[in-house]
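Where a number appears in this text, it was derived from the coordinates with a stated rule and is not lab data. Being a predicted model, the structure only gives us computed values, none of them experimental. Cβ coordinates were reconstructed from backbone atoms using ideal geometry, including for glycine residues, and neighbour counts include every protein chain displayed.
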Amino acid sequence: MKRFLVIIEESKTGFAAYSPDLPGCIATGETREEVETLMYEAMQFHLEGLKEEGLPVPEGKSFAEFMVLPETASA
């Protein structure tokens, strides 16, 4: 089982998702749930394509962390 970080961003028309460890593997959808489903399918398709081409399947090395910063005073 492999694990990959997926970044999901809200856009003007819905949501977009990508994985930093799988360049070119992206998905877009109208809802967050839809983009999560489509990204999962895109990742499976991407990895199957790499295997069929005899290319190495990368390891998931990216990670994310939320940083909490104090609010700055207004000028």
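Give me the angle, in degrees from 0 to 90, between the Cα long axis of helix 32-52 and the longest principal axis of the Cα atoms of the chain, rounded to the nearest 10.
Helix 32-52 and the main axis of the chain meet at about 40 degrees.
What dipole magnitude, in Debye to the nearest 20, does the chain give about its Cα centre under +1 on Lys/Arg Cβ and -1 on Asp/Glu Cβ? Working shown, then result.
Details: 6 positive and 14 negative charges, 41 e Å.
Around 200 debye, computed over the chain.
Taking the Cα centre of the range 31-75 as origin, work out the dipole magnitude from +1 charges on Lys and Arg Cβ and -1 charges on Asp and Glu Cβ, in debye rounded to 20.
On the way: 3 positive and 10 negative charges, 37 e Å.
Dipole about the Cα centre, nearest 20: 180 debye.
Can you tell me the Rg and Dmax of the range 9-75, counting just the alpha carbons, in angstroms?
Both quantities, over Cα of the range 9-75: 16.4, 58 Å.
Among the GluC sites (Glu not before Pro) in the range 9-75, which ones are in a DSSP loop with at most 14 other Cβ atoms within 10 Å of the Cβ? Mind listing them? Working shown, then result.
Values: sites: Glu9, Glu10, Glu30, Glu33, Glu34, Glu36, Glu41, Glu48, Glu52, Glu53, Glu59, Glu65, Glu71; in loops: Glu30, Glu53, Glu59, Glu65, Glu71.
Sparse-neighbourhood loop GluC sites (Glu not before Pro): Glu30, Glu53, Glu59, Glu65, Glu71.
Considering only DSSP states other than H, G, I, E and B, which chymotrypsin sites (Phe, Trp or Tyr not before Pro) in the range 2-71 qualify as loop sites with at most 13 other Cβ atoms within 10 Å?
Details: sites: Phe4, Phe15, Tyr18, Tyr40, Phe45, Phe63, Phe66; in loops: Phe4, Phe63, Phe66.
Passing both the DSSP loop test and the Cβ count: Phe63, Phe66.
Can you return the lysines within cross-link range of Lys51? Criterion is Cα-Cα under 29 Å, with same-chain partners fewer than 8 residues away left out.
Once the sequence-local lysines are set aside, what remains near Lys51 is Lys2, Lys61.
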